[in-house]
Amino acid sequence: MTQSAAQQKAPPTPRRLDPEDAQHALEEVQECLRRQQLVEDLVHRQEQGDNKAHLVEDLVHRQHEAELTALVNNLHPADIAFILESLPKDQRQTVWRLVESSHDADVLLEVEDWVRESLIEAMDRQDLVAATGNMDADEIADLAPDLPPDVVAEVQKGLTDEERAQLLEAMGYPEDSVGAIMDFEMVRVREDVTLEVVLRYLRRLHELPDHTDQIFVVDRQDKLQGVLPISTLLVSEPDTEVRPVMNTDYLALNPLDSDADAAGAFERYDLVSAPVIDDQGRLIGRVTIADVVDVMREDSQEQALSRAGMQEEDIFAPVAAALRNRAPWLLFNLCTAATASFVASRFEDTVSHIVILAFLMSIVAGIGGNSGNQTMTMIIRALAMGRITGRNLWQLVKREMLVTLLVGLCGSVVAALFAWGISGSIAIAVVMMAAMICNMLVGASVGVLVPMVRARFGKDPAIGSSVLLTFATDSLGFFIFLGLATLFLL
């Protein structure tokens, strides 16, 4: 073989997956779309009957489409999903039409729910059936709420009886349960066969299910007996039976367990996969680290939005939709701010006599809010991890109040020195110090109580928590500071 022929046969350099690559690809897509829009605008300024101008537009449009097609379809489906999420709806649909049909299923599974809806709307029935027809039962169950009913019915016709039963089972579990995220692809063996038999069985498979770190050992009724780690299978003697080397000390999940609890278990025990068994001990599925990472990411995003009283939304959604999402808690926040202003207005005489108080009271309110936010963050995180129980609740409350008191004592000294420096009054400095400590304790109390009360009634402890905290620390902060000033300075 000649050198040139050898060079032609050389394997391609593997593409390294890098989030920065996706960001760079997004910029290239945006630039290409910008150039395409610029050409269209220039052509539209020409006379309507100018056929030459329209030919130029058509040629440039095809060139840009070819460039976009080559750029997008060379990316990983997760990167394509990232690009689609980062574009306005009209540009998103333009790029989505250029994505090869072989990527449709993977991209639909990768994108956020609010983007998936718009992508499905742009697909015809035949394309949807083709995309979902290649998915596993658990993946179809994930998409089913967003798919038209007739598409789901058509996809079910193409499934085997076993796959159809799995799909119906997965769709029957609550959204935030283990059953909703488990998959049905797994390797199972009997305990009375040798490891050589297991190895021969594995070799006959086209490929192992993703994240297969252990094989599940079941009896003839599919009841889980133990797990056989792949590492044990590889290093043990081939003529050894499965029974003596399998691990009977394993973590098993129930399909009705919370997916957040499952995520906590994966984090605590460094799991890659875990079996899911029903109440009779039968193996019905498994959860993998890939499923758990998605749960953690979604919970983190939901918690961040919930604290501001928001739900997930398309960042390019119409203004009306954004208003419906954001307005309720903002209006509530307006009411709380008005209440705080009303409290301050009741001390108009005090402020008019000692004008410097108007500049200092915002410090009292702000520091109380920040202190309460720290406490609230710790409590919400502890609730999410399941670390708060009825036995340690009071101990936790006392600890948070003590920490806040000590931090408040240190911080209030600095605040008092500042107040004395700009006012020249020791009395104002002392009032500032006392008000700051009291409001920080108020913030800590609210930071503990709001999440705990909401969790006690089965509500998301993070929803609107920052709004309620701001209301308490602003209103009571003004009341405490100006009230003390009225009592001791006038």
Checklist entry - Which ³J(HN,Hα) values, rounded to whole Hz and listed in residue order, are derived for region 81-93 from phi using the Karplus coefficients 6.51, -1.76 and 1.60 in 6.51 cos²θ - 1.76 cosθ + 1.60 with θ = phi - 60°, glycine and proline given as x? => result 4, 4, 5, 4, 5, 9, 10, x, 4, 5, 5, 4, 5
Checklist entry - Using the Karplus equation 6.51 cos²θ - 1.76 cosθ + 1.60 (θ = phi - 60°), what ³J(HN,Hα) coupling, rounded to whole Hz, does each residue of region 254-265 give in order, writing x for Gly and Pro? => result 9, x, 8, 5, 5, 5, 5, 5, 5, 4, x, 5
Checklist entry - Using modelled backbone amide H atoms (1.01 Å from N, in-plane), which distant-in-sequence or interchain residues come within less than 5 Å of residue 189's amide H? => result 216, 217, 218
Checklist entry - What is the set of long-range amide H partners of residue 286 at a cut-off below 5 Å, with H atoms built 1.01 Å from backbone N? => result 183, 276
Checklist entry - If you wrap the chain's Cα atoms in a convex hull and average its projection over all directions, what's the area in nm²? => result 38.1
Item to check | With DNA, RNA and ligands ignored, accessible area of residue 223 (1.4 Å probe; Å², nearest 10) | outcome: 90
Checklist entry - What spacing in nm lies between the two simple spin-label points modelled at residue 362 and residue 176, each 7 Å away from Cα in the Cβ direction? => result 3.8
Next on the checklist: What does the C-alpha gyration tensor say about the overall shape of region 319-489? Classify as rounded when a/c is under 1.5, otherwise prolate if a/b is larger than b/c, or oblate.
Outcome noted: oblate
Item to check | Mean-position separation - Cα centroids, region 414-490 and region 112-133, in angstrom | outcome: 51
Checklist entry - If each of residue 457 and residue 35 carries a label point 7 Å out from its Cα toward its Cβ, how far apart are those two points in nm? => result 5.8
Next on the checklist: Counting only other residues whose beta carbon sits under 12 Å from that of residue 281, what net charge do I get with K and R as +1, D and E as -1?
Outcome noted: -2
Checklist entry - Carbon and sulfur atoms: what percent of the 1.4 Å accessible area of region 19-176 do they account for? => result 47
Checklist entry - Evaluated at 20 °C with a viscosity of 1.002 mPa s, what Stokes-Einstein diffusion coefficient in µm²/s does region 188-308 have when Rh comes from the Kirkwood expression over alpha-carbon pairs? => result 137
Item to check | residue 24 - accessible surface, heavy atoms, 1.4 Å probe, Å² rounded to 10 | outcome: 100
Item to check | Extent along principal axes [Cα atoms of region 19-176; Å; largest to smallest] | outcome: 60, 37, 22
Checklist outcome for this item: accessible surface per residue for region 19-176, probe 1.4 Å, DNA/RNA/ligands not counted, whole Å² -> 56
Checklist outcome for this item: Given a 1.4 Å probe, the accessible area of region 319-489 per residue, as a whole number of Å², is 54
Next on the checklist: Based on alpha-carbon centroids, what's the gap between region 184-214 and region 346-363 in Å, whole number please?
Outcome noted: 75
Item to check | Charge tally in the Cβ shell below 12 Å around residue 214, where Lys, Arg are +1 and Asp, Glu are -1, residue 214 excluded | outcome: +1
Checklist outcome for this item: Counting only protein heavy atoms with a 1.4 Å probe and every protein chain in place, the carbon and sulfur fraction of the accessible surface of region 188-308 in whole percent equals 47
Checklist outcome for this item: The answer for region 188-308, accessible area per residue at 1.4 Å probe in Å², is 56
Checklist entry - With θ set to phi - 60° and the Karplus curve 6.51 cos²θ - 1.76 cosθ + 1.60, what are the ³J(HN,Hα) couplings of region 450-456 in order, to the nearest whole Hz, using x for Gly and Pro? => result 4, x, 5, 5, 5, 5, 4
Checklist entry - What percentage of the solvent-accessible surface of region 342-471, computed with a 1.4 Å probe over protein heavy atoms, is contributed by carbon and sulfur atoms? => result 69
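The values are calculated or read from the model by the stated rules, or taken from the named source; none is laboratory data. Keep in mind that what you see is a predicted model, and the values were worked out from it rather than measured. Don't worry about glycine lacking a Cβ; one is built from the backbone with ideal geometry, like all the others, and counts go over all protein chains shown. Areas reflect the complete protein model, heavy atoms only, side chains present, ligands, DNA and RNA absent. Shrake-Rupley method; radii C 1.70, N 1.55, O 1.52, S 1.80 Å.
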